[in-house]
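What follows draws every value from the coordinates through simple rules; no lab data is involved. Since this is a predicted model, take the numbers as computed values, not measurements. Neighbour counts are summed over all protein chains in view; Cβ atoms, including those assigned to glycine, are modelled from backbone coordinates with ideal geometry.
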Amino acid sequence: MPERARRLIPGGVNSGQRNVPGLGDLVIARARGSRFWDTTGREYTDYHAAFGPPLLGHADPDVDAAVTETARELDLCGVGVTEGEVRLAETLAELMPSFERVLLTSTGSEATFHALRVARAATGRRLVVKFQGCYHGWHDSVSLNVISAPDRVGRHDPISTGILPEVLESTLVLRFNDVAQVRETFATHGADIAAVIVEPVPHNVGCLLPDQEFLAALREECTSHGSVLVFDEVITGVRHDLGGWQRIAGIRPDLTTMGKAIANGYPIGAIGGRADLMDLFSSRPGAPVFFAGTYNGHPAVVAAALATLDKLRAEPVHEHVFRLGERVRTELSALYAGLGVPAVVAGYGSVFVTYFLAKAPRSYDDLLANDTGMFVGYRRRLLDHGIFELPLNLKRSHLSYAHTDDDVDRLLAATEIAVRAQLADPTTDVSGASTMAGALPC
């Protein structure tokens, strides 16, 4: 099967983030709950979870039943609106503090693209501010400076070739959690900054927790200079709180983008925020900012989102995953201390990640000291014990409603064995183990 895939699919996979060194022959056969199985019959307890969407667990029966029921009555018609779309818009507006209006997309990348487009249209300005280590999708304005090599931090570091230089020059890249740099940048460029886009918690490099002062400074500077503040809550939204990180922080952005966990793995994204900005999209007749998408609001996907959000509100999902997350972080920290391994087990709620560092990181610069060989090496060894944490540098792990304390027991036991083995033989080939790094010319 892998050979057949590679004959027609470049690299044998349909996303560059799925081509993982050492896993080139992995073919997934099925998934349910906290586990997946490959075509050889091997079972894995899954902590990667496709970068986070299945908060309820794989193939949640309530979500799948809602999709099946909808599919019996309705498919894509591509005109007008469905009752499900209206209900989902009302639900998201009820949950998210910043949502005065909302539109649906198929992916988070589309949502962030539209957020920046409408910000530029509303302000008539050119510049966008992003932060080193944050990822906001595949489009050119933000496809830079995610997991950069040390010598490429502090300058433009595109993750793809084919991006026009003038597009890159319109993006300013700053240090996360650096209030002084934010204020200096606005003092110099404020009149030309259309938008600031930020992952309130940069989860694409594990878990960098924001200083409250930092997020407050973004809000203050954007308000003072008439720039649009965009919270990219594709990961944090719903997973950390039904109202997103904005509810946790008490800071209201102008626009918010969502995706991933809001439909438990079905392909959906959303953009919402201030009415005056959202009303600029061409879904409103005569409005100037083009907005379209064949699969936006697909009935099956909307049904999945509604079922997911209903279950998140009705059942103790967050209580369960937060308890397991706290247990994992606490007991892993004790495990590493007992082994004498310098490590910081970071995370929030259902997310955890072990950095092999001496102190807790505040920005991407601190992560440059992470022991990549240990990070990737022990995760590769976990595979031998049926534990799947993605063996790529700096990538986070997730717990779901389907994970149990027994799963955590096995994770802890396997981690100790894997780390001891890695300490005994620390040789690890880390080539290709850092994705989203700077692209080399063709």
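A few points about this structure:
- The length gained on full extension between residue 1 and residue 416, counted as 0.36 nm times the residue separation minus their Cα-Cα distance, comes to 146.0 nm.
- Size of charge dipole - the range 61-314 - debye, nearest 20, with Cβ of Lys, Arg +1 and Asp, Glu -1, no other charges: 280 debye
- Computed extension gain for residue 83 through residue 275, at 0.36 nm per residue and net of the alpha carbon distance, reaches 67.0 nm.
- As a rough footprinting exposure proxy, the listed residues 282, 34 were ranked by other beta carbons within 10 Å of their own, and the order from fewest upward is 282, 34.
- Most fluctuating residue given options 246, 132, 17, as computed from a GNM of the chain linking Cα atoms under 10 Å: 17
- Full extension of the chain between residue 71 and residue 294 gives 78.6 nm of extra length, using 0.36 nm per residue less the Cα-Cα distance.
- Computed over the range 222-322: relative contact order in percent, which uses C-alpha pairs under 8 Å that are six or more apart: 22 percent
- log10 of Debye I(q)/I(0), alpha-carbon scatterers only, for the range 1-90 at 0.15, 0.20 Å⁻¹: -0.83, -1.05
- In a DSSP loop and with at most 16 other Cβ atoms within 10 Å, the chymotrypsin sites (Phe, Trp or Tyr not before Pro) in the range 264-341 are 290, 295.
- Extending 7 Å from Cα along the Cβ direction at residue 183 and again at residue 90 yields two label points whose distance is 4.6 nm.
- Mean residue ellipticity at 222 nm, helices only, the chain: -11500 deg cm²/dmol; runs of at least 4 DSSP H residues each add -39,500 (n - 2.57), and the sum is divided by the number of residues.
- In this Cβ point-charge picture (+1 for Lys and Arg, -1 for Asp and Glu), the range 96-192 has a dipole of about 160 debye about its Cα centre.
- Under 10 Å, Cβ to Cβ, from residue 227 - net charge with Lys/Arg +1 and Asp/Glu -1: -2
- Assigned charges on the beta-carbon of Lys, Arg, Asp, Glu; the range 257-400 dipole about Cα centre (debye): 100 debye
- Listed by chain and number, the lysines placed with their C-alpha closer than 27 angstrom to that of residue 359 are 130, 395; residues fewer than eight positions away on the same chain are left out.
- Dipole axis of the chain (+1 Lys, Arg; -1 Asp, Glu on Cβ), positive-most option in 65, 251, 414: 414
- Remark: relative contact order (the range 14-153) = 10 percent; criterion is Cα-Cα distance under 8 angstrom and separation of 6 or more residues.
- Most mobile listed residue (280, 26, 104) in the chain, GNM with C-alpha springs under 10 Å: 26
- The trypsin sites (Lys or Arg not before Pro) of the range 317-400 that meet both conditions, a loop assignment by DSSP and at most 15 other Cβ atoms within 10 Å of the site Cβ, are 359.
- Take each peptide in 194-203, 404-413, count the other Cβ atoms within 10 Å of every residue, and average; sorted highest first, the result is 194-203, 404-413.
- Relative contact order for the range 61-314: 30 percent, from Cα pairs under 8 Å spaced at least 6 residues apart, divided by residue count.
- When the range 61-314 is reduced to its Cα atoms, the Kirkwood hydrodynamic radius in Å: 18.6 Å
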